Amino acid sequence: MRLLLAAVVLAVLSYVAARGAGAAPPLGRFLDPANGVWALARTAEFPARSEVRLPGLTAPVRVLSDDRGVPHVFAASEADAWRAQGYLVARDRLFQLELQTRAASGTLSELLGPRAVEADRAARRRGFPWAAERGFAALDSSVLIVRAARAYAEGVNSWIGQLRRAELPFEYRLLHARPAPWRPIDTFYLFLQMGYTLAWDDETLNKLRVRDAVGAAAAEALFPLNSPIQEPIQPNGQRSPRADFLRPFPPPGFLSTESLRGRDAAEAIFSPRPLDAIGSNNWVVAPGRTAAGYALLAGDPHLELSLPSVWYEIHLHVAGGIDVAGVTFPGAPGVVIGFNREVAWSFTNTGADVRDHYAEVVDDAARPARYRLDGVWKPLELRVETVRGRRGETLAVDTVRFTHRGPLVRAGGQWLSLRWTVFEAKTPGEEFLRLDRAHTVQEWLDGWKDYVAAAQNGVVADRAGSIAIRSTGWFPLRPGDGRGDEVRDGSSSASDWTGFLPLAAYPFARDPAQGYLASANQQPVDPRANPHYFGVNWYSPWRALRLNQLLRADSAVTPEAMRKLQTDPGSARADAFVPLLLGAAQASERAGQGDTLLRHAAALLAEWNRTYTRENTRAVLFEAAMTALPSLVWDELPQEMQSDGTARPVLLPEEAILLELAADSTNTWWDRRRTPAVEHRDAIFAEALRRGYLHTLRDHGPPEGAGWRWADAHHANIFHLLRIPGLSALNLAVQGGPSTLAPSPGRGTHGASWRMVVETGPVLRAWAIYPGGQSGNPASARYLDRLARWQAGQLDSVLFPANPQDLPAARVRATLLLSPRP
Amino acid sequence: MRSGLGFLALLAAFVLASWLGWWAIPAVAALWGFWRPAVWRPLLSAALAAALAWGIWLLVDFLADPGAFARLGRRLGAVLPLPLPGLLLLSLLLPALLAWSAAALVCGLANVRLTPEGDNR
């Protein structure tokens with residue numbers, strides 16, 4: 001009996017230990033204290049002194065890690081520095097490296113299994129593997145980015161090659177997987193993925209649906225070519241924002257309100273486009289407006305927040321060459337945002353329209369093999385994409401088709417080909433390496449003049465006191481009216497892009513009279529100054545308005561003031577809409593339509609100082625009212641059913657359009673189609689306030705209770721890459737709200753991914769932070785060590801030693817010597 | 001005395017074998033079960049020694065960097081459907097059961113095969 005019991009126990013335990021059970025990883029390998037997950041505690045901190053042989057190095061590389069976990073790399077050549085960088089990033093972020101690259105290459109299923117099949121198929125249908133393979137194969141090994149990517153890959157693979165079992169990152173243990181070798185082409189995939197994050201959004205098809213529903217004039221007013229509030233990136237000489245409001249604002253066209261009235265249509269739950277989903281800020285102040293007389297620069301890129309961070313901080317020093325510090329994406333050699341001894345820089349996303357659709361005529365609606373161009377049938381490039389699983393099994397096979405423009409996709413019953421500037425980039429990431437070498441603003445501007453995508457607003461300052469900003473990237477030139485917010489006829493080559501905007505036409509300013517430059521994803525240039533087409537439907541410029549307002553008001557800016565600006569709790573959006581809400585309540589009162597609820601709501605809102613501090617107890621009411629507003633105003637817009645059974649509009653106008661419409665108080669748009677009465681602006685704003693108050697009472701309790709505290713009502717969330725709650729930082733109370741300079745949108749998953757202030761004085765000084773920490777190892781103190789300070793809006797002083805001896809010994813945590821392998 | 005030394009030898013074997021991987025625990029225990037040294041409750045000793053061996057590994061890591069160990073334990077406890085004490089217990093129970101079952105199985109099989117010849121080691 002005991003024999004049988006022992007056999008059963010041994011068999012079951014051996015199976016669970018080797019294979020796992022259900023979602024549990026193989027318990028033997030997982031719990032094994034010598035090399036299993038517990039061993040991560042042993043590898044959480046680096047040895048105080050260590051030496052490693054690294055293949056490919058031409059000379060020894062010394063790496064000093066400081067108390068913030070930032071490696072300072074002292075190398076004899078750029079190639080050695082990139083090689084060391086690959087090694088260090090792999091050491092700290094190996095799983096992240098692989099995961100984000102697989103997301104772009106459509107091979108997530110090989111790591112995560114069938115759950116990732118649809119994501120992989122989508123990545124392949126977008127043409128990412130097609131573009132990366134084609135682009136990489138076209139380059140020879142002398143190209144700068146190829147040399148850098150190869151050196152970087154060697155470094156990554158050196159780490160993987162000598163990876164001890166105890167050092168295997170936690171995520172691989174959970175997934176029962178091993179790291180894949182890193183390929184130079186993976187750096188290309190990384191930049192494709194960044195292009196997807198920053199420049200894929202295109203609402204052309206949705207805008208066409210709106211046009212079909214409400215008419216061309218109305219659709220153009222709702223999603224206009226130019227922002228109705230002009231505070232451009234390139235200064236336009238004005239001392240305040242300019243309102244370019246349409247008068248009259250075009251009403252809905254085809255569908256009269258009368259015809260809709262009484263229609264049995266449930267009022268849709270409108271979910272506005274997440275505010276500032278990838279909004280970013282940067283600004284630079286000339287010496288004449290700073291207290292110390294040195295130029296100051298702030299970088300504040302906002303991205304989806306993750307643990308570990310999307311950024312990796314590093315300092316690369318090459319004897320007689322680059323000496324640059326800042327952040328880069330794991331997988332990208334060099335520094336993307338940061339500073340060297342002479343120059344500091346940062347980016348925001350331009351949000352330009354760089355992706356176009358072409359309706360193609362194909363030979364077979366189901367399985368096209370050819371497309372018609374200028375009366376001639378052309379063969380489609382066919383690419384069979386096989387998505388494989390963890391054991392190499394086939395999970396899906398798709399044929400992806402390409403015209404000369406790009407990938408062909410089926411949408412709305414027609415075949416559309418896409419052209420996208422991100423696919424035009426021949427040497428993605430190379431320009432960042434050139435920026436690392438710049439000594440002056442001019443060299444910096446020259447360094448990325450050929451940059452393709454995704455278009456960025458780059459600010460720069462140098463130690464000579466010069467400042468500049470330029471929106472850089474390839475902006476397509478299109479035939480006809482030049483606009484990209486339409487589906488063009490693919491059967492004619494006359495529809496194709498005719499070239500790209502010359503550099504001289506890029507939005508640009510250098511050393512302006514106003515003494516500062518700022519960008520916050522607003523329309524980059526005043527159309528009166530530069531009529532070229534850059535895009536449509538720009539983000540509401542609330543952050544730009546606030547930023548310019550604060551910078552105008554301070555003629556003696558300090559680094560501390562720059563830091564405080566990054567988490568400024570004020571809101572131009574609140575300044576614009578609170579008076580409308582309060583005015584509407586008063587108007588209702590005067591018209592005899594007031595009630596206790598509205599009076600109470602208005603009184604509470606009037607108490608608000610229009611800031612989003614964590615302790616504020618009135619911002620929550622304003623946000624509830626603003627959330628109620630779109631459903632009341634935009635009920636004429638076409639909707640589509642969501643998977644949760646609710647109807648949502650296919651596209652909602654920006655709130656700046658709402659403000660523009662507010663100048664036309666009796667416009668038909670204000671009328672709610674479900675009610676027999678004809679509403680005007682004030683009735684709608686009053687109703688929004690009333691509803692917002694009711695929702696706030698329902699969700700947060702009475703106004704005098706703690707539930708209205710902003711920190712309790714609104715949170716930031718930073719998820720682990722695999723969205724494992726236990727490894728995430730959730731429900732973080734942060735200062736800021738929708739459209740403040742530190743925007744905290746609805747879902748709370750985006751935010752300031754890197755905050756940096758640099759003073760380009762005689763000795764360059766920098767302060768910076770990102771949420772999370774340098775290490776991807778959850779046992780490390782550097783997994784989350786920066787979070788509390790980031791949450792509080794604080795910055796760390798950044799060490800930038802000119803040589804190893806300059807790094808204070810008390811702040812050195814580990815020294816690593818990388819030696820050439822003979 | 002001899003029994004104690006035998007136990008210590010087994011413990012040392014488990015500690016060292018753990019470096020090879022979890023599978024070394026049942027392998028060493030199987031040898032132990034086959035050998036059946038004259039120690040107190042040899043099968044229970046195998047289980048205890050295996051648990052102790054893994055416990056020593058964990059203790060060494062804890063003493064080397066208590067902060068890292070605590071952070072890891074806290075986060076593992078949040079990730080896995082087990083609180084930290086349960087996870088630690090599982091980390092000791094797994095080798096114990098593997099060792100006991102392997103030793104008992106081999107010991108039993110050896111008895112079945114050897115007893116007819118009168119071997120009663």
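The values are calculated or read from the model by the stated rules, or taken from the named source; none is laboratory data. Everything numeric here is computed off the predicted structure, so don't read it as measured data. Backbone-built Cβ (ideal geometry, glycine too); neighbour counts: all protein chains shown.
Looking only at region B:75-110, how many residues end up being more than 7 Å from chain A (Cβ to nearest Cβ), more than 22 Å from the chain's Cα centre (by Cα) and either surrounded by 19 or more Cβ atoms within 10 Å (Cβ to Cβ) or at pLDDT below 80 (or both)? Here the count works out to 2.
On the stretch given as region A:84-107, residues that are aliphatic (A, V, I, L, M) and within 16 Å of A:I314 (Cα to Cα) total 6. Test A:S775 against the criterion of being surrounded by fewer than 24 Cβ atoms within 10 Å (Cβ to Cβ), under 17 Å from A:T328 (Cα atoms) and of a type in the set (S, T, N, Q), and give yes or no. Against the criterion (surrounded by fewer than 24 Cβ atoms within 10 Å (Cβ to Cβ), under 17 Å from A:T328 (Cα atoms) and of a type in the set (S, T, N, Q)), A:S775 qualifies.
Among the residues making up region A:721-774, those that are among the polar types (S, T, N, Q) and touching a strand residue (DSSP E or B) at 6+ places or on another chain (Cβ under 8 Å) are A:S728, A:N731, A:T740, A:S744, A:T749, A:S753, A:T760, A:Q774. Regarding region A:470-481, can at least one residue be identified that is over 27 Å from A:D323 (Cβ atoms), crowded, with 23+ Cβ neighbours inside 10 Å and of a type in the set (S, T, Y)? Yes, there is a match, as at least one residue in region A:470-481 is over 27 Å from A:D323 (Cβ atoms), crowded, with 23+ Cβ neighbours inside 10 Å and of a type in the set (S, T, Y).
Here is a yes/no grid of residues against (1) touching a Gly at 6+ places or on another chain (Cβ under 8 Å); (2) under 30 Å from A:R765 (Cβ atoms); (3) without any contact (Cβ under 8 Å) to a residue 40 or more places away in the chain; (4) small (G, A, S):
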{"site": "A:A529", "(1), (2), (3), (4)": "no, no, no, yes"}
{"site": "A:H532", "(1), (2), (3), (4)": "yes, no, no, no"}
{"site": "A:N537", "(1), (2), (3), (4)": "no, no, no, no"}
{"site": "A:Q566", "(1), (2), (3), (4)": "yes, yes, no, no"}
{"site": "A:L582", "(1), (2), (3), (4)": "no, no, yes, no"}
{"site": "A:E589", "(1), (2), (3), (4)": "no, no, yes, no"}
{"site": "A:R599", "(1), (2), (3), (4)": "no, no, yes, no"}
{"site": "A:A606", "(1), (2), (3), (4)": "no, no, yes, yes"}
{"site": "A:T613", "(1), (2), (3), (4)": "no, yes, no, no"}
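Assess whether B:S45 counts as being in contact with a Leu (Cβ under 9 Å, 6 or more places away or on another chain), at the interface with chain A (Cβ under 8 Å from one of its Cβ atoms) and of a type in the set (S, T, N, Q). Criteria not met by B:S45. Scanning region A:170-187 for residues that are among the small types (G, A, S) and surrounded by fewer than 17 Cβ atoms within 10 Å (Cβ to Cβ) returns a single hit, A:A180. Annotation for region A:76-94: no member residue is within 14 Å of another protein chain (Cβ to nearest Cβ) and either at pLDDT 95 or above or under 18 Å from A:R178 (Cβ atoms) (or both).
Checking A:L787, A:L722, A:L727 one by one, the residue that is touching a residue at least 12 places away in the same chain (Cβ under 8 Å), out of contact with any helix residue (DSSP H, G or I) (no Cβ under 9 Å at 6 or more places or on another chain), within 14 Å of chain B (Cβ to nearest Cβ) and over 21 Å from A:L88 (Cβ atoms) is A:L787 and no other. Taken over region A:18-69, residues that are within 14 Å of chain B (Cβ to nearest Cβ), touching a strand residue (DSSP E or B) at 6+ places or on another chain (Cβ under 7 Å) and either part of a helix (DSSP H, G or I) or surrounded by 15 or more Cβ atoms within 10 Å (Cβ to Cβ) (or both) amount to 1. Highlighted here are the helices (runs of 4 or more DSSP H) found entirely within region B:1-109 that include at least 3 residues which are in contact with a helix residue (DSSP H, G or I) (Cβ under 7 Å, 6 or more places away or on another chain) and without any contact (Cβ under 8 Å) to a residue 12 or more places away in the chain: B:66-79. In this structure, B:A68 qualifies as at the interface with chain A (Cβ under 9 Å from one of its Cβ atoms), surrounded by 21 or more Cβ atoms within 10 Å (Cβ to Cβ) and farther than 30 Å from B:N111 by Cβ. When you look at B:G21, is it within 14 Å of chain A (Cβ to nearest Cβ) and crowded, with 19+ Cβ neighbours inside 10 Å, yes or no? When the stated conditions are applied, B:G21 does not pass them. Each residue in region A:420-453 was checked for being in a loop (DSSP other than H, G, I, E, B), touching a residue at least 60 places away in the same chain (Cβ under 8 Å) and over 18 Å from A:F136 (Cα atoms), and 4 pass. Does A:T187 satisfy the criteria of being within 23 Å of A:A104 (Cα to Cα), hydroxyl-bearing (S, T, Y), out of contact with any Asp or Glu (no Cβ under 9 Å at 6 or more places or on another chain) and assigned to a helix (DSSP H, G or I)? Here the answer is yes, as A:T187 does meet what is asked. Considering only residues in region A:714-765 that are small (G, A, S) and in a strand (DSSP E or B), the one that is nearest to A:L296 (Cα to Cα) turns out to be A:A752. Of the residues A:G465, A:G447, the single one that is more than 29 Å from the chain's Cα centre (by Cα) and within 19 Å of A:N340 (Cα to Cα) is A:G465.
Of everything in region A:169-179, what is closer than 15 Å to A:L97 by Cβ, away from every other protein chain (no Cβ under 13 Å) and touching a residue at least 40 places away in the same chain (Cβ under 8 Å)? Give them in sequence order. Of everything in region A:169-179, those that are closer than 15 Å to A:L97 by Cβ, away from every other protein chain (no Cβ under 13 Å) and touching a residue at least 40 places away in the same chain (Cβ under 8 Å) turn out to be A:Y172, A:A177, A:P179.
Condition check for A:R782 on (1) closer than 16 Å to A:A733 by Cα; (2) of a type in the set (D, E, K, R); (3) within 14 Å of chain B (Cβ to nearest Cβ): one failure, at (1).
Going by the conditions given, is A:D644 touching a Lys or Arg at 6+ places or on another chain (Cβ under 7 Å), part of a loop (DSSP other than H, G, I, E, B) and farther than 21 Å from A:T696 by Cβ? Considered against the rule, which asks whether it is touching a Lys or Arg at 6+ places or on another chain (Cβ under 7 Å), part of a loop (DSSP other than H, G, I, E, B) and farther than 21 Å from A:T696 by Cβ, A:D644 comes out as no. For region A:748-772, the tally of residues that are of a type in the set (F, W, Y) and surrounded by fewer than 24 Cβ atoms within 10 Å (Cβ to Cβ) stands at 1. Annotation note: of A:R674, A:R709, A:R691, the sole residue that is surrounded by 19 or more Cβ atoms within 10 Å (Cβ to Cβ) and touching a residue at least 24 places away in the same chain (Cβ under 8 Å) is A:R691. Examine region A:580-591 for a residue that is in contact with a strand residue (DSSP E or B) (Cβ under 8 Å, 6 or more places away or on another chain), within 22 Å of A:Q522 (Cβ to Cβ) and hydrophobic (A, V, I, L, M, F, W, C), and state whether such a residue exists. No; the residues of region A:580-591 include none that is in contact with a strand residue (DSSP E or B) (Cβ under 8 Å, 6 or more places away or on another chain), within 22 Å of A:Q522 (Cβ to Cβ) and hydrophobic (A, V, I, L, M, F, W, C).
In summary, B:W32 fulfils each of the numbered conditions (1) buried (at least 20 other Cβ atoms within 10 Å of the Cβ); (2) more than 9 Å from chain A (Cβ to nearest Cβ); (3) under 29 Å from A:L722 (Cβ atoms) with the single exception of condition (3). Applying a threshold of 8 Å to beta carbon distances and a minimum spacing of six or more residues, or different chains, the list of pairs starting in region A:288-314 at a residue that is surrounded by 23 or more Cβ atoms within 10 Å (Cβ to Cβ) and ending at one that is among the acidic types (D, E) and in a loop (DSSP other than H, G, I, E, B) reads A:H302/A:D276.
Put simply, of A:G465, A:G413, A:G406, A:G458 the only residue that is in contact (Cβ under 8 Å) with a residue 24 or more places away in the chain and surrounded by fewer than 20 Cβ atoms within 10 Å (Cβ to Cβ) is A:G465. Scanning region A:645-668 for residues that are hydrophobic (A, V, I, L, M, F, W, C) and modelled with pLDDT of 95 or more yields a count of 7.
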